[in-house]
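Visitor: Please read through the structure below; I'll follow up with questions.
The values are calculated or read from the model by the stated rules, or taken from the named source; none is laboratory data. It should be emphasised that the depicted structure is a prediction, and the values quoted were computed from it without experimental measurement. Here the Cβ is made from the backbone with ideal geometry for all residues, glycine too, and neighbour counts use every protein chain on show.
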Amino acid sequence: MSSRIEKALQHHFGFTELLPGQQAVIQHLLDGHSAAAVFPTGGGKSLCYQLPALLLPGVTLVVSPLIALMKDQIDALTAKGISASRLDSSLTVDEYREVVQKLRSGELRLLYVAPERFNNERFRAMLKHVRISLFAVDEAHCISEWGHNFRPDYLKLAGFARQFKAERILALTATATPAVLDDICRGFEIEAECAVRTGFYRPNLIIETSVIEESQRDRALLDAIGRNPPGAAIVYVTLQKTAEKVAQQLADAGLPARAYHAGLKSELRSEIQEWFMTSTAAIVVATIAFGMGIDKADIRAVYHYNLPKSLENYSQEIGRAGRDGAASVCQMLACPDDLNVLENFVYGDTPDRAALYGLITELFAQEQHFDVSLYSLSFQHDIRHLVLRTLLTYLELDGYLQGGTPFYSDYKFKPLKSSAEILSRFEGERRHFLAALFRQAVKSRVWFTIDPAEAALALQTTRDRIIQALDWLGEQQLLEVKVAGIRLRFQLMRQPDSIDALVDELYQRIIKREEAEIHRLQQVVELITMDGCQSNALASHFGEQREAPCGHCSWCQHGKSELPPRGAQTISEALWQDVEIARQEHTELLGQPRILSRFLCGITSPRMSRSKLTSHPLFGSLESVSFAKVLEKAQKSMR
């Protein structure tokens, strides 16, 4: 370790030595090279950019999808006297200005942003005048279309890093297979010798897989918790309703258990997380919404009540156990009937070709500068939001579109003072302008609604002036202002040579992603049923080769397991006759094989939800049958 690194490490962070891999990554960066770091969860990735940020000129820009993690890191850095801030939508106008001032003056050492922040034109314009010594990308596997947690905005990060002349890039992840790491290095132009991967295998994690029937699962979970030493634990489930049900069952059995999922209010989620962090015996029953950014060293057990959707998800989730080095149990209750639900999540994201054709035709019929509502497009073409964002990102990267700053089309305000009192604070043109602006608003019982674009036309002014006026009145506690109806701005850069050819290309890309996700599920099944050490197989998946069996996984302890076939996979002709009647009654909505299959398997879509078809007696009537089998039946019946 160089004396420069050693001094900064001890002075700012109080450490005398680095963890495996950290020194190599930090040295690559200080030598002027871009680097990649693939360290296991809890392996010290954040220090790889925090320490160089103090030794390099300019600012270190950290891109992270987790606002909670940003806040925790910034608080910790600030407590050490290190200047670090974030830019996100939760900041007030004054807080935003303060961060910008620090950035421009060179005072700021680290700036944290979400990947979506780069869609903001004002932010992009500001970065052109900032020296970015290090562009650090956390959760970098999200850049890869074949990664397990793909986020479309990540695809554009490599281009932004080049656009803003970032001097070096650091890509960080805990879960990259060799193929995904190659993708990351190619996208960010990182040399192979600067990609540092530390060992994935952790000897203190006891990996157990128990093959059980669905009816036995609740009892099996209780038995496992009772059998293992007491301690904090996480139980991972697939659905929110399952989290509630299982948490209640554990609580009824006298265990300190609570449910955690994205459907809970943020205040309650924060309360549960704090309760878990300060307890030595708490059990959280959670969807995958829980765990990102959790830094609790003494988690003694991680249970998978439902099958994980990929080996990457599984490894990330069990990686939260035993960070203190003590023995910890990672037990999967493997039930084949879980595969239907997990497959349905995947198939539900794939639009049919007709929907894709309608979307592309509409987009390329626009003027050169246009804006769209993601919500309206999603409903009109029956394509889920994330998939729609992904398609729009593909079109940007392929040079058809260029994105601009999103904006809100709908503003609501509630006066906190009378209009006469508000207007009395102004004189001349400003008073006349505000009076005219208030007359443009439509009053309901309490709230007023105003469309800034329409008001700007009526008042012969700019939309920006109207928004600035409303925001200022809100800041002064004269109005309570709410925004909604986000719209995405685009510029049409070029027309496709053929709409049909472009639709085919995009459709094949989506189908390829669907196949990759289904393959990921199959890899989980293969881990459960493999004839060999499961710990070694998991390590091999992430590029680490081990020879000797671990001695403490299920295979080492009990030998090979068999996963029985799923439950009933038959489709009765009597039911299908009812399906044909429903299809004739709702031809517009159920007229395509893939859409009909979604309906029967209980997979929602924007149009299906809006049309109330989710309450139809046949919705979900074949959820116990695999989607592929239902789709095959639907395609045959519509020929």
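Visitor: Only one of (1) among the small types (Gly, Ala, Ser); (2) more than 20 Å from Lys309 (Cβ to Cβ); (3) surrounded by 11 or more Cβ atoms within 10 Å (Cβ to Cβ) is not met by Gly559, so which one is it?
Guide: Every listed condition holds for Gly559 apart from (3).
Visitor: So, one more: Within region 300-321, track down each residue that is in contact with a strand residue (DSSP E or B) (Cβ under 6 Å, 6 or more places away or on another chain) and under 23 Å from Thr177 (Cβ atoms).
Guide: Once the filter is applied, which keeps residues that are in contact with a strand residue (DSSP E or B) (Cβ under 6 Å, 6 or more places away or on another chain) and under 23 Å from Thr177 (Cβ atoms), region 300-321 yields Val302, His304, Glu317, Ile318, Arg320, Ala321.
Visitor: Which of (1) of a type outside the set (A, V, I, L, M, F, W, C); (2) loosely packed, with under 15 Cβ neighbours inside 10 Å; (3) farther than 30 Å from Arg269 by Cβ; (4) modelled with pLDDT of 95 or more does Gln216 not meet, given it meets every other one?
Guide: Checking Gln216 against (1) of a type outside the set (A, V, I, L, M, F, W, C); (2) loosely packed, with under 15 Cβ neighbours inside 10 Å; (3) farther than 30 Å from Arg269 by Cβ; (4) modelled with pLDDT of 95 or more, the one that fails is (4).
Visitor: Same structure, new question: For residues that are more than 30 Å from Pro351 (Cβ to Cβ) and among the charged types (D, E, K, R), scanning just region 510-552, find the one that is modelled with the highest pLDDT.
Guide: It comes out as Asp531.
Visitor: Scan region 346-402 for residues that are modelled with pLDDT of 95 or more, in a helix (DSSP H, G or I), more than 23 Å from Thr604 (Cβ to Cβ) and hydrophobic (A, V, I, L, M, F, W, C) and jot them down.
Guide: Of everything in region 346-402, those that are modelled with pLDDT of 95 or more, in a helix (DSSP H, G or I), more than 23 Å from Thr604 (Cβ to Cβ) and hydrophobic (A, V, I, L, M, F, W, C) turn out to be Ile360, Leu363, Leu395.
Visitor: Could you check region 201-233 and list, in sequence order, the residues that are in contact with a strand residue (DSSP E or B) (Cβ under 7 Å, 6 or more places away or on another chain) and of a type in the set (Gly, Ala, Ser)?
Guide: Across region 201-233, the qualifying residues are Ser210, Ala220, Ala224, Gly231, Ala232, Ala233.
Visitor: Looking only at residues that are of a type in the set (Gly, Ala, Ser) and part of a helix (DSSP H, G or I) in region 96-133, which one is surrounded by the fewest Cβ atoms within 10 Å (Cβ to Cβ)?
Guide: Among them, the one singled out is Ser105.
Visitor: Test Thr41 against the stated conditions and say whether it is farther than 26 Å from Phe160 by Cα, β-branched (Val, Ile, Thr) and surrounded by 19 or more Cβ atoms within 10 Å (Cβ to Cβ).
Guide: Considered against the rule, which asks whether it is farther than 26 Å from Phe160 by Cα, β-branched (Val, Ile, Thr) and surrounded by 19 or more Cβ atoms within 10 Å (Cβ to Cβ), Thr41 comes out as yes.
Visitor: Which one of Leu61, Leu66, Leu18, Leu87 is in contact (Cβ under 8 Å) with a residue 40 or more places away in the chain, crowded, with 17+ Cβ neighbours inside 10 Å and in the same structural domain as Phe118 (by TED's automatic domain parsing)?
Guide: That would be Leu61, the only listed residue that is in contact (Cβ under 8 Å) with a residue 40 or more places away in the chain, crowded, with 17+ Cβ neighbours inside 10 Å and in the same structural domain as Phe118 (by TED's automatic domain parsing).
Visitor: While we're looking at this one, here's another question. Residues in region 49-57: is at least one free of Cβ contacts under 8 Å to residues at least 12 places away in the same chain and farther than 30 Å from Asn204 by Cβ?
Guide: There is no residue in region 49-57 that is free of Cβ contacts under 8 Å to residues at least 12 places away in the same chain and farther than 30 Å from Asn204 by Cβ.
Visitor: Another one. Would you kindly identify the helices (runs of 4 or more DSSP H) lying entirely within region 455-552 that contain at least 2 residues that are surrounded by fewer than 15 Cβ atoms within 10 Å (Cβ to Cβ) and not hydrophobic (A, V, I, L, M, F, W, C)?
Guide: Result: 463-475, 499-529.
Visitor: Within the set of pairs 6+ apart or on separate chains, which have a first residue in region 460-476 that is on the phi < 0 side of the Ramachandran plot, a second that is among the acidic types (Asp, Glu) and buried (at least 17 other Cβ atoms within 10 Å of the Cβ), and C-beta atoms under 7 Å apart?
Guide: Close Cβ pairs satisfying both conditions: none exist.
Visitor: For region 609-620, how many residues are farther than 21 Å from Gln380 by Cβ and either touching a residue at least 24 places away in the same chain (Cβ under 8 Å) or surrounded by fewer than 19 Cβ atoms within 10 Å (Cβ to Cβ) (or both)?
Guide: The total comes to 5.
Visitor: Next question. Scan region 161-209 for residues that are surrounded by fewer than 18 Cβ atoms within 10 Å (Cβ to Cβ), among the aliphatic types (A, V, I, L, M) and over 24 Å from the mean Cα position of the chain (by Cα) and jot them down.
Guide: Matches in region 161-209: Ala192 only.
Visitor: Select, from Val442, Val483, the only residue that is under 30 Å from Phe370 (Cβ atoms), among the β-branched types (Val, Ile, Thr) and touching a residue at least 60 places away in the same chain (Cβ under 8 Å).
Guide: Answer to the selection: Val483.
Visitor: Now a separate question. Of all the helices (runs of 4 or more DSSP H) wholly in region 163-255, which have at least 1 residues that are assigned by TED's automatic domain parsing to the domain that holds Ser310 and among the acidic types (Asp, Glu)?
Guide: 217-227, 240-252
Visitor: Here is a further query. Can you confirm whether region 593-608 contains a residue that is free of Cβ contacts under 8 Å to residues at least 60 places away in the same chain and surrounded by fewer than 19 Cβ atoms within 10 Å (Cβ to Cβ)?
Guide: Within region 593-608, none of the residues are free of Cβ contacts under 8 Å to residues at least 60 places away in the same chain and surrounded by fewer than 19 Cβ atoms within 10 Å (Cβ to Cβ).
Visitor: Tell me, please, whether a residue that is touching a strand residue (DSSP E or B) at 6+ places or on another chain (Cβ under 8 Å) and crowded, with 17+ Cβ neighbours inside 10 Å can be found in region 344-367.
Guide: The answer is yes, given that some residue of region 344-367 is touching a strand residue (DSSP E or B) at 6+ places or on another chain (Cβ under 8 Å) and crowded, with 17+ Cβ neighbours inside 10 Å.
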